[in-house]
Amino acid sequence: MYSKILVPLDGSPLAERALEPALEMARTPDTEIILLEAVQDSLAAVPEARYPVPVREAYRSAIVSMKYLRDVASRLRAQAKKIRWHVEEGDPIDAILSFAHNENVDVIVMGTHGRTGLSRVVMGSVAEKVAVTTHRPVVLVKPDRSTLHVQRNAA
């Protein structure tokens, strides 16, 4: 049994696919589900840009994330009695790994975006990098074909 389940989210329906398996894994009322979203400066991956993001924009991103996680948590309260959420600032991979370590979670359950080919090489995979870096169990939830098709057409 698990006592702490970490579910990293990014606001996408694909990431939210991890919620159902996390709820299934939370079999006891004492199991806590922790929702996490990392808020990253959009230019943080390009340090050469050296463009400081206005503090107002950073706060706005954090507030949007807080509202989103609060809403997801309230939707899940009927199924999971112990649920909380947290927003971290920084790179998603580092934020997930650091949070998982600091909270000593038992398992990380996260959705993948189903990227393949060049898009996967260019964009990378947060889920894959978390899975190969952590010593904790990681459950990766793939998108089904219909969700993947809709997401690709929406872009």
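Scanning the stretch 21-42 for residues that are more than 9 Å from the chain's Cα centre (by Cα) and under 16 Å from GLY90 (Cβ atoms), we see that the one that is most open to solvent (accessible area, probe 1.4 Å) is SER42.
Could you check, for the stretch 13-20, whether at least one of its residues is open to solvent by less than 50 Å² (accessible area, probe 1.4 Å) and of a type in the set (Gly, Ala, Ser)? Yes, the stretch 13-20 contains a residue that is open to solvent by less than 50 Å² (accessible area, probe 1.4 Å) and of a type in the set (Gly, Ala, Ser). Checked against (1) surrounded by fewer than 16 Cβ atoms within 10 Å (Cβ to Cβ); (2) at pLDDT 95 or above, TYR68 passes all but a single condition, namely (1).
The values are calculated or read from the model by the stated rules, or taken from the named source; none is laboratory data. Keep in mind that what you see is a predicted model, and the values were worked out from it rather than measured. As a convention, Cβ positions derive from the backbone with ideal geometry for all residues, glycine included, and neighbour counts pool all protein chains shown. These area figures cover heavy atoms from the full protein model, side chains too; ligands, DNA and RNA do not enter into them. Shrake-Rupley method; radii C 1.70, N 1.55, O 1.52, S 1.80 Å.
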